[in-house]
1. Out of Leu292, Leu280, I need the residue that is in contact (Cβ under 8 Å) with a residue 40 or more places away in the chain, more than 24 Å from Val394 (Cβ to Cβ) and in a loop (DSSP other than H, G, I, E, B). Which one?
2. Considering only the range 332-353, how many residues are among the hydrophobic types (A, V, I, L, M, F, W, C) and in a loop (DSSP other than H, G, I, E, B)?
3. Return the residue satisfying two criteria in turn: it lies in the range 59-90 and is touching a strand residue (DSSP E or B) at 6+ places or on another chain (Cβ under 6 Å) and of a type in the set (Lys, Arg), and of such residues it is surrounded by the most Cβ atoms within 10 Å (Cβ to Cβ).
4. Within the range 187-259, which helices (runs of 4 or more DSSP H) (wholly inside it) include 1 or more residues that are under 16 Å from the mean Cα position of the chain (by Cα) and acidic (Asp, Glu)?
5. What strands (runs of 3 or more DSSP E), lying completely within the range 1-88, carry at least 3 residues that are of a type in the set (D, E, K, R) and under 21 Å from Glu106 (Cα atoms)?
6. Considering each residue of the range 91-108, count those that are at pLDDT 95 or above, surrounded by fewer than 24 Cβ atoms within 10 Å (Cβ to Cβ) and in contact with a Gly (Cβ under 9 Å, 6 or more places away or on another chain), and give that number.
7. Quick test for you: out of Glu223, Glu213, Glu195, pick the one residue that is on the phi < 0 side of the Ramachandran plot and either among the aromatic types (Phe, Trp, Tyr) or touching a helix residue (DSSP H, G or I) at 6+ places or on another chain (Cβ under 8 Å) (or both).
8. Residue under question is Val311, and the condition is that it be over 25 Å from Asp117 (Cβ atoms), open to solvent by less than 60 Å² (accessible area, probe 1.4 Å) and among the aliphatic types (A, V, I, L, M); does it hold?
Amino acid sequence: MSSDNTTTTAHPAEAGHYGKDVRSDLHVAIEPRDSGGLEITLESRVGLYYGSSILSQTRQVLETFGVKHARISIHDEGALPLVISARIEAAAKRAGWGGDQRALPEKIALPEPTTRDRLRRSRLYLPGGEPKYFINAALHGPDAIILDLEDSVHHAEKDAARILVRNTLRAVDFGSCERMVRINQLPLGLQDLVEVIPEAPDLILIPKVERPEQVSQVDRMIEELKSRDRIDRAIWLMPIVESALGIENAFAIATATPNIAALTIGLEDYTADLGVAKTLEGRESLYARTRLVNTAKAAGIQAIDSIFGDVGDLAGLRQWGENSRALGFEGMGCIHPSQIPVIHEAFAPSHVEIEKALKIVAAFEEAQQRGLGVVSLGSKMIDPPVVERAKKLVARAKAMGKSVQGNE
């Protein structure tokens, strides 16, 4: 870290946002100067209560990056310490200070690592550059949250967003939600990995995958970073297939590494690649979605559907989710908390399905105990694949918290 703080090596820079429609964020502008120490001005909604702590944290972060002489202007919109630190770090690095230094917030205890086959009905996307969505995301009950560094972040804000996402992984408790990060399309996504992997996210989504080599490149880098930082827990991968070429290479992609937990599809980009409109019926993507499900099952991983883009159409969402489950998908993405309960219901077995599955399992077990080779339930014959499907349905219903009663 260089302590040379002169105008020849640094330049004015800023980071963050403020204004009447901005919440939980902070804007900082830095103007380097040759002498005079640090001159900090602060405007804050909560200045009366937290002004002194914001100023103290600002000085600590600037000290970390060797900033000795500068004018700093801060507009605070109720930002938490992790956000304050991230915004000041981004501005300092944009100004030319800091190099590889990091101003890390206090680290909370990591949750238990997630399993490869854990429940992934819903994944709530959170724009990686907008901290107002982070703190309460887990209260909506998604199976996973996605801190997004790709499409939801403007290209000029990628550097600041990855610092913010890193701090969020380090300092925010998302409860039982799986902690996912969608990185940028390669090669930019490799820079995201350097920042976020030390904070041990549970899963990395890789966008716009068309070849298995892209997955292997991400996998190798994650393993190198885990080794460097002595991370001994799994970090799963979920490639996102978003083009015709990606669909044609789906099986090679799905089997590129044992660290893949699921395969998903991005229908906005896929339909754009085909040059067709995305419809509620989904006829234009049926081939791709059924092929992706078959590929995932053949590879022994989960098949996860795309998002449903019309936030106001909950009836359409439910129909899409039910059709998706019928195709063999195990979950889908969501872009608004209101979609979560609808998705969970759409992907849940009905009471009638559970009851039928329990009867199938009970009939099979009774026949086995009696030494019978032929099993029947009413007028229908039951063979082992039907029994196995019934057992999976009951197990999935239990995992979803559904009431499962009867002779199992």
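1. Leu280
2. So the count comes out to 3.
3. Filtering the range 59-90 for residues that are touching a strand residue (DSSP E or B) at 6+ places or on another chain (Cβ under 6 Å) and of a type in the set (Lys, Arg), the one surrounded by the most Cβ atoms within 10 Å (Cβ to Cβ) comes out as Arg87.
4. The helices (runs of 4 or more DSSP H) meeting that bar are 188-196.
5. It comes to none.
6. The number of residues fulfilling the criteria is 1.
7. Only one candidate passes the filter, namely Glu195.
8. yes
The values are calculated or read from the model by the stated rules, or taken from the named source; none is laboratory data. In this text, all values refer to a predicted model and were calculated from it rather than measured experimentally. Methodologically, a virtual Cβ is constructed for each residue, glycine included, from the backbone with ideal geometry; neighbour enumeration extends over all protein chains shown. Note: areas computed on protein heavy atoms with side chains; ligands, DNA, RNA excluded. Shrake-Rupley method; radii C 1.70, N 1.55, O 1.52, S 1.80 Å.
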